[in-house]
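The values are calculated or read from the model by the stated rules, or taken from the named source; none is laboratory data. Keep in mind the model is a prediction, meaning the values are calculated, not measured. Quick reminder, even Gly has a Cβ in these numbers, built from the backbone with ideal geometry, and neighbours come from all protein chains shown.
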């Protein structure tokens, strides 16, 4: 698994993940996002376009990060779902929990603008 990050406007971070999100790779993925939360990054987009498999541990990591971001006034959005990952998220009901967008830019525009004091 490989993770790349791109900072977008208004304090939004797009995290692009490649490979599989399974029991072996999830700890590194989750540590990366936990570090971002600790740094004050609460507006996160996870790009899953190059993830062809997500296990229950990957699903749990997404929920955990989302819950933590929301508790700090942020949100975690998803974009570019691989067809197989889309199928899995649909099957387990995650499509009613997470907002999903076609691109990182589209997801970024879904965040409300930051107030000048933020």
Before we move on, is residue 33 assigned to a strand (DSSP E or B), buried (at least 20 other Cβ atoms within 10 Å of the Cβ), in contact (Cβ under 8 Å) with a residue 12 or more places away in the chain and in contact with a helix residue (DSSP H, G or I) (Cβ under 8 Å, 6 or more places away or on another chain)?
-> no
Just one listed residue, out of 23, 50, is under 20 Å from residue 88 (Cα atoms) and either touching a strand residue (DSSP E or B) at 6+ places or on another chain (Cβ under 7 Å) or at pLDDT 95 or above (or both), and it is 50
Assigned to a helix (DSSP H, G or I) and over 14 Å from residue 13 (Cα atoms) - does that describe any residue in the stretch 99-108?
-> no
